[in-house]
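Notes follow once the structure below has been shown.
Just so it is clear, none of the values below were taken in a lab; they were calculated from the coordinates. Fair warning: this is a prediction, and the values are worked out from it, not measured in the lab. Glycine gets a Cβ as well: all are built from the backbone with ideal geometry, and neighbour counts include every protein chain shown.
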Amino acid sequence: MTERGREPTAPFGFAEVFGPSMYPTLRPGDQLLVHYGAQVRPGDIAVLRHPLQQDLLIVKRIAERRDGGWWVLGDNPGADGDSRVFGAVPPELLLGRVRGRYRPRGEDQRSMLGAVSWALTAVRPVLGDRSAPSSRLRAR
C-alpha cells in the first residue's frame, strides 16, 4: 500500500493496494478511498500502521477486538502478514476505514465487452462483511 509514513491531514485520502493479502476483495493496483479516523467494527476493511514496521501502511479486515487491540486478517488465507504473524494491533495504529475502491482498467479489458464489464465494476463501495458465521473472519 502506498502513503508510507503519511500522517492524515484530511478526513479522506487515497491509497493504492500492493500485494495479494486482500485478494479477491482487493487486488494489487486498486485505489482505495480511506476515511481517516472513522470508527471500525468487525467485518470492516481498515488501513493501519504495521505493528512491526510503523512507517508501512497496510490494509486488512477487522476480525475482532481482543486484549491489546484489534485482530486483523487478510482475505487471502494463503498470504501472510496479518495478526496471525504480529498479533493484535494496538488501537492507536488503526488509521481509518476503507469506504470505496477504484479498479483501474486491465490489459484484458480492451474489447467492447471487457470495457463494459470494467465500467460496471470499476468503482464500488467497500462494505464490511458482517455475515455470521464467516470462516474468513474467524480469528485463529
Sort Arg97, Arg124 so that the residue with the fewest other Cβ atoms within 10 Å of its own Cβ comes first and the one with the most comes last. Arg124, Arg97
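Just round it to a whole percent: the fraction of Cα-Cα distances in the stretch 12-125 exceeding 25 Å.
Working: 1487 of 6441 pairs.
Here the tail beyond 25 Å accounts for 23 percent of pairs.
Which of His35, His50 has the fewest other C-beta atoms within 10 Å, and how do the rest follow up to the most? Intermediate results must be reported in sequence, preceding the final value.
Working: His35 19, His50 16.
In increasing order of surrounding Cβ atoms, one gets His50, His35.
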Using 7 Å Cα-to-Cβ label points, what is the Leu52/Leu93 separation (nm, one decimal)? 1.0 nm
In nm, what is the difference between 0.36 nm times the number of residues separating Arg66 and Ser111 and their Cα-Cα distance? 11.4 nm
